[in-house]
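K.L.:
Structure in structure tokens, see below.
Coordinate-derived values only; no laboratory data. Given the structure is predicted, the values throughout are model-derived calculations rather than measurements. Cβ sites come from the backbone with ideal geometry, for glycine too, and all protein chains shown count toward neighbours.
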Amino acid sequence: MSDAILPKPHIPPGLREAAERGTLVPFIGAGASRLAGCPGWNEFADGMLLQLVEQGKLTHAELAQIKVLPSRVKLSLVRTLADEHRVFIDYKKLFHPSGKPDHAKGQKLYTLLSKLAKTFVTTNYDEWLDTDWATPELADHEVNGLTPPTIPKPRKIFIMFISLSQLA
């Protein structure tokens, strides 16, 4: 077996059939977000800490001491300090510096994912799955007397933990 990654990998027939039937539910993990330019946990925590420094709730000396801690500890500290000082943390800016998901690789990746399925399960906090990047697919069966292709297939996102919009 070769370790080479094929430009277009072989898709097993069962997987292709599930995608065509609309019954495939992909799990989208952190790797997709990272490819789309989103920060890892450490970068995310450091970005939150910098926002506290910018708002005068943390000094640069304190930041230097805290920066060496594990990301989970840093995230907990930031949340506690932000709540204590009633400070707004702009999570969206950390994931999407321009204010919207506009990373070129991210757009390409999520366009392809949107063509693959309309329902996803994810643990990601970013907003990449909030947009249907592909041209809407149309239903291929009759619904309430209306015939195809007039009914768009519904889009569903199941977030396993919490979404970016819930953090604000």
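K.L.:
In straight Cα distance, which lysines are under 28 Å from LYS118, not counting same-chain residues fewer than 8 positions off?
P.N.:
LYS8, LYS92, LYS93, LYS100, LYS105, LYS108, LYS153, LYS156
K.L.:
Between ALA104 and TRP41, what is the label-point separation in nm under the 7 Å Cα-to-beta-carbon projection?
P.N.:
Spacing of the two 7 Å Cα→Cβ label points: 3.1 nm.
K.L.:
Let me ask something else. Could you derive backbone 3J(HN,Hα) for the range 36-41 from the dihedral phi with the Karplus parameters 6.51, -1.76 and 1.60 (θ = phi - 60°), listing whole Hz in sequence and x where the residue is Gly or Pro?
P.N.:
8, x, 7, x, x, 4
K.L.:
So what's the net charge close to SER33: Lys and Arg +1, Asp and Glu -1, counting the other residues with Cβ under 12 Å from its Cβ?
P.N.:
-1
K.L.:
Taking the Cα centre of the range 41-95 as the origin, how large is its charge dipole in debye, to the nearest 20, when only Lys and Arg (+1) and Asp and Glu (-1) carry charge on their Cβ atoms?
P.N.:
120 debye
K.L.:
Given H placed on each backbone N at 1.01 Å, which residues far from THR123 in sequence or on other chains put an amide H within less than 5 Å of it?
P.N.:
Under 5 Å from the amide H of THR123 lie the amide H atoms of ILE28, MET160, each far enough along the sequence or on another chain.
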